[in-house]
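K.L.:
The structure under discussion is supplied below as structure tokens; questions concerning it will follow.
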Amino acid sequence: MSFDHAFKLTNTLTRTKDVFVPEDRTNVRMYVCGPTVYDYAHIGNARPVVVFDTLFRLLRHLYGAEHVTYVRNITDVDDKINARAAAEGVSIGELTERTAAQYHADMRALGALDPTIEPRATEHIAEMKAMIEQLVAKGHAYVAEGHVLFDVGSMADYGKLSGRSLEDMQAGARVEVAPYKKDPMDFVLWKPSKEGEPGWPGPCGIEEPGRPGWHIECSAMARRHLGETFDIHGGGADLVFPHHENEVAQSRCSHGTEVMARYWLHNGFLQVEGEKMSKSLGNFITVHDLLETEKLGGRVWPGAAIRLALLMTHYRQPLDFTEKSLSEAEGLLQKWDALLASMPADKADTKVPDALVEALCDDLNTPRAIAVLHGLAREARGGDTQAKAALAASLDFLGVDLTGIRAAAEEVTARAADPELAARVDGLIAERNAARAAKNWGEADRIRDLLAAEGVVLKDARNADTGTVETTWELAR
């Protein structure tokens with residue numbers, strides 16, 4: 001493998017933009033924290049999926065698909081899972097299987113590739129217990145009242161990833177004050193299971209059924225599938241502390257290594273329409289809502305538009321996810337789709353432009369990559385067939401599938417050709433014109449709104465020759 005692009009990533013661990021050099025160019029390894037499967041994934045959950053899918057695609061391009069291993073786990077043992085299963089009156093297995101299937105369907109609709117490996121927590125209990133026992137043996141964890149806890153004080157540089165002092169972490173974290181803890185900051189590696197909860201025989205001779213803490217799951221699964229150290233660990237900014245900080249502590253202290261992952265990437269927070277997403281505010285939106293219901297903007301949205309809207313802001317920056325941003329993304333895709341509709345089939349295998357790869361090699365700079373797409377579109381409109389083919393190749397490389405956009409456009413075209421619809425719309429326009437002539441503005445507005453609700457957009461324009469206002473219509477795409 002060889003390439004000419006300087007590949008840099010902003011590393012949370014070093015707080016600098018570092019040149020990426022994998023440990024092993026024949027096996028570039030990345031781990032990203034996946035879903036806890038108890039409900040539909042919300043749009044905030046989708047952002048890291050799209051971000052790290054884009055990075056996965058870039059790594060495959062640079063090093064070869066067969067030389068990249070991407071692990072994204074599924075957490076299928078958790079308090080929220082237990083509570084939801086009990087509330088629905090279904091088994092935990094039924095809930096997690098159904099929710100995992102929903103997650104896969106939604107993420108694929110956003111153009112995300114499946115990870116190379118998708119381990120489940122419940123399939124790695126043995127690895128978790130082995131790591132816990134290793135931590136106890138090395139003096140980094142202790143057993144207390146059926147629990148096993150990590151001894152934060154045993155690690156001299158705990159807090160290095162997040163850059164927080166112990167005092168700051170104590171002030172900012174919700175720590176459980178329990179009599180069996182040596183220190184309030186010590187965190188759970190293993191805990192007893194309550195009646196009706198999943199449970200396994202514990203580590204360190206604990207006979208009562210118990211289950212792992214959240215943090216140990218990722219450490220054990222990463223070691224099993226990627227080794228004691230690997231290249232990239234990713235996730236949302238909300239995971240830096242305590243989850244990723246605790247992963248680092250467990251893994252380094254268990255293995256005796258200087259690092260767990262050499263590059264840590266974290267995407268910024270997401271809000272909806274300028275506010276933090278919250279069920280109490282009524283702006284809590286799942287990917288399923290966007291794809292299948294009419295929760296945002298009174299309509300459903302194509303997966304490609306959702307993906308592009310997520311990529312239009314740099315991954316490290318906060319993102320305001322709005323109806324306007326979705327509309328802008330969809331409008332761009334409609335223009336590009338119309339431009340590409342006449343592209344000869346033999347141009348579809350054109351290589352990805354260097355400018356696009358260079359943009360992504362600059363800390364996954366997707367806004368700059370999208371600017372490259374704009375440039376290709378301008379050249380294509382000027383008659384450059386190579387630019388048109390490069391645009392198609394670039395969209396494919398970024399995981400933006402225009403199939404749904406094209407299908408929607410074809411549906412609109414077919415609907416617009418319906419003579420019954422045309423007759424009905426023309427009749428309502430005549431009624432609206434009569435209402436306007438009579439200065440019955442309320443009735444005119446009612447007819448306009450009625451048509452708008454059915455996806456019919458009216459356009460009023462003055463005829464330059466006659467001076468009269470004429471109304472035309474089209475269907476919204």
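K.L.:
What does the accessible area per residue of the chain come to in Å², with a 1.4 Å probe and no ligands, DNA or RNA counted?
P.N.:
Averaged over the residues of the chain, the accessible area is 46 Å².
K.L.:
Using a 1.4 angstrom probe on heavy atoms only, work out the carbon and sulfur share of the accessible area of the chain in %.
P.N.:
Details: 10800 of 21740 Å².
Answer for the chain: carbon and sulfur cover 50 percent of the accessible area.
K.L.:
Sticking with this one: Taking the highest mean first, how do the peptides 43-54, 11-22, 457-468 order by number of other beta carbon atoms within 10 angstrom per residue? Walk me through the numbers before you get to the answer.
P.N.:
Working: 43-54: 23.8, 11-22: 14.8, 457-468: 9.4.
Sorting 43-54, 11-22, 457-468 by mean packing, highest first, produces 43-54, 11-22, 457-468.
K.L.:
I would also like to ask the following. Search the structure for amide H atoms under 5 Å from the amide H of residue 141, placed 1.01 Å from N in the peptide plane, and list their residues when 5 or more places away or on another chain.
P.N.:
Sorted by chain and number, the residues that satisfy this are 136, 151.
K.L.:
Ignoring everything except DSSP H segments at least 4 long, calculate the 222 nm mean residue ellipticity for the chain; use -39,500 (n - 2.57) per segment, divide by total residues, nearest 500. Mind showing how you got there, number by number?
P.N.:
Working: 16 runs with 209 residues, N = 477.
Rounded to the nearest 500, it is -14000 deg cm²/dmol.
K.L.:
Something else about it: By DSSP, what percent of the beta bridges with both residues in the chain are antiparallel, rounded to the nearest 5?
P.N.:
On the way: 26 of 47 bridges.
Just about 55 percent of them are antiparallel.
K.L.:
Next question. Let me have the relative contact order for the chain, percent, based on Cα pairs under 8 Å that are six or more residues apart. Mind showing how you got there, number by number?
P.N.:
On the way: 710 pairs, mean separation 71.7, N = 477.
That works out to 15 percent.
K.L.:
Order 72-78, 328-334 from most to least packed using the mean count of other Cβ atoms within 10 Å. Don't skip to the end; give the middle numbers.
P.N.:
Numbers: 72-78: 22.3, 328-334: 19.3.
Those peptides, ordered most packed to least, come out 72-78, 328-334.
K.L.:
Sorting check: for 421-429, 237-245, which peptide has the highest mean count of neighbouring beta carbons within 10 Å, and how do the rest follow?
P.N.:
Working: 421-429: 14.3, 237-245: 19.2.
Per-residue mean Cβ counts within 10 Å order the peptides as 237-245, 421-429.
K.L.:
Reported to two decimal places, what Rg/Rh ratio describes region 19-151 when computed on Cα atoms with Rh from the Kirkwood expression? Provide the component values of the computation, followed by the final result.
P.N.:
Details: Rg = 17.8 Å, Rh = 17.1 Å.
Here the Rg-to-Rh quotient is 1.04.
K.L.:
Under Stokes-Einstein, with the Kirkwood radius over Cα pairs standing in for Rh, what whole-number D in µm²/s applies to region 81-190 at 20 °C and 1.002 mPa s?
P.N.:
On the way: Rh = 17.4 Å.
Taking Rh from Cα pairs, D becomes 123 µm²/s.
K.L.:
Take 449, 186, 151 and sort them by solvent-accessible surface of the protein heavy atoms, 1.4 Å probe, largest at the top. Could you put the intermediate results ahead of the total?
P.N.:
Values: 449 85, 186 5, 151 30 Å².
Putting 449, 186, 151 in descending order of accessible area: 449, 151, 186.
K.L.:
With all protein chains present and a 1.4 Å probe, how do 94, 118 order by accessible area, largest first?
P.N.:
On the way: 94 100, 118 55 Å².
Order by accessible area, largest first: 94, 118.
K.L.:
Which value, in debye to the nearest 20, describes the size of the charge dipole of region 145-302 about its Cα centre when Lys and Arg Cβ atoms bear +1, Asp and Glu Cβ atoms bear -1, and nothing else is charged? Intermediate results must be reported in sequence, preceding the final value.
P.N.:
Working: 16 positive and 24 negative charges, 40 e Å.
Here region 145-302 has a charge dipole of around 200 debye.
K.L.:
Regarding region 49-101, what is the average projected area of its C-alpha convex hull, in nm²? Working shown, then result.
P.N.:
Working: hull surface 18.8 nm².
Computed as one quarter of the Cα hull surface, the answer is 4.7 nm².
K.L.:
Something else: With a Cα-only, solvent-free Debye model of the chain, what are the log10 I(q)/I(0) values at q = 0.12, 0.13 Å⁻¹?
P.N.:
The Debye formula, applied to the Cα set alone, gives -1.11, -1.24.
K.L.:
Now a separate question. Determine Rg/Rh for region 177-306; Rg is computed over alpha-carbon atoms and Rh is the Kirkwood hydrodynamic estimate from the same atoms. The partial results should precede the final answer.
P.N.:
Values: Rg = 19.8 Å, Rh = 18.3 Å.
When Rh is taken as the Kirkwood radius, the ratio is 1.08.
K.L.:
Given a Förster distance of 51 Å, report the FRET efficiency between residue 421 and residue 178 from their Cβ-Cβ distance, rounded to the nearest 0.05. Walk me through the intermediate numbers first.
P.N.:
Numbers: r = 67 Å, r/R0 = 1.31.
Step by step, r from the Cβ atoms, then E = 0.15.
K.L.:
Across region 126-134, in residue order, what do the Karplus-derived ³J(HN,Hα) couplings come to in whole Hz, using 6.51 cos²θ - 1.76 cosθ + 1.60 with θ = phi - 60° and x for Gly and Pro?
P.N.:
Result, rounded to whole Hz: 4, 5, 5, 5, 5, 5, 4, 5, 5.
K.L.:
So how far, in whole Å, is the C-alpha centre of region 84-154 from the one of region 213-241?
P.N.:
The two parts, judged by their Cα centres, are 11 Å apart.
The values are calculated or read from the model by the stated rules, or taken from the named source; none is laboratory data. Keep in mind it's a predicted model, so treat the numbers as computed, not measured. Virtual Cβ from ideal backbone geometry, glycine too; neighbours counted across all protein chains shown. Protein only, heavy atoms only, side chains kept; ligands, DNA and RNA dropped before computing areas. Shrake-Rupley method; radii C 1.70, N 1.55, O 1.52, S 1.80 Å.
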